[in-house]
1. Past 19 Å, Cα to Cα: identify those pairs from Lys34/Lys69; Lys3/Lys67; Lys3/Lys71; Lys29/Lys71, in the order given.
2. I'm spelling it out carefully: the read-out is mean projected area of the Cα convex hull in nm², the candidates are (1) 11.0; (2) 11.4; (3) 7.1, and one was derived from this structure. Which label?
3. Show me, for the stretch 89-99, the HN-Hα J-couplings you get by feeding each phi into the Karplus relation (A = 6.51, B = -1.76, C = 1.60, θ = phi - 60°), rounded to Hz, glycine and proline as x.
4. Kindly express, to the nearest 10 degrees and within the range 0 to 90, the angle between helix 2-23's C-alpha long axis and the longest C-alpha principal axis of the chain.
5. What percent does the relative contact order of the stretch 1-75 come to when contacts are Cα pairs within less than 8 Å and at least six residues apart?
6. Net charge near Ala83, counting Lys/Arg +1 and Asp/Glu -1 over other residues with Cβ under 12 Å of its Cβ?
7. For the ranges 15-21, 89-95, 72-78, what's the packing order if you count other beta-carbon atoms within 10 Å of each residue, average per peptide, and put the highest first?
8. Considering only protein heavy atoms, what per residue accessible area in square angstrom results for the stretch 1-75 with a 1.4 angstrom probe?
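The values are calculated or read from the model by the stated rules, or taken from the named source; none is laboratory data. The shown structure was predicted, so the numbers you read here are calculated from the model rather than taken from an experiment. Cβ sites come from the backbone with ideal geometry, for glycine too, and all protein chains shown count toward neighbours. Areas reflect the complete protein model, heavy atoms only, side chains present, ligands, DNA and RNA absent. Shrake-Rupley method; radii C 1.70, N 1.55, O 1.52, S 1.80 Å.
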Amino acid sequence: LQKILILLHVTMSVVVGKTLMVLFPNAMKRYILKLGQKSRMNENPKFSYENWGPTFFSFKYLLFVLKVKWKRLEDEAYEGHPAPNAPVVTFNGEVRHLLDFMQDNRPLILNFGSCT
């Protein structure tokens, strides 16, 4: 039932967004560029709006958003509870599970970061 509700919500959002892009292209371009500012996507001079803007509200966009939202239905992490044994991909492309990296009674430390 949750997946059907998500499907209806995302599909309706994409249909409305695509319709608005056709009827009001300049206003939607400004709106999408504003979204790009939040994610800092606009800061890359080699990555112009023409490269990524038209992909909003496309069929591929719909499928991607559905995939992400449906995957989030499976989230099992809750504060104060044991961590889920989430799948991870090694540098070699091999799919393993997080707890596969535990060794004896040693704590498993996850370090997240990014380079910009």
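1. Working: Lys34/Lys69 23 Å; Lys3/Lys67 10 Å; Lys3/Lys71 10 Å; Lys29/Lys71 29 Å.
From Lys34/Lys69; Lys3/Lys67; Lys3/Lys71; Lys29/Lys71, over 19 Å: Lys34/Lys69; Lys29/Lys71.
2. Correct label is (1).
3. My calculation for the stretch 89-99 gives 10, 6, 4, 7, x, 7, 8, 10, 10, 3, 6 Hz in order.
4. The angle comes out near 30 degrees.
5. Working: 31 pairs, mean separation 32.6, N = 75.
Over the stretch 1-75, the number comes to 43 percent.
6. On the way: positive: none; negative: Asp75, Glu76, Glu79.
Computed value for this residue: -3.
7. 15-21, 72-78, 89-95
8. Details: 5990 Å² over 75 residues.
That works out to 80 Å² per residue.
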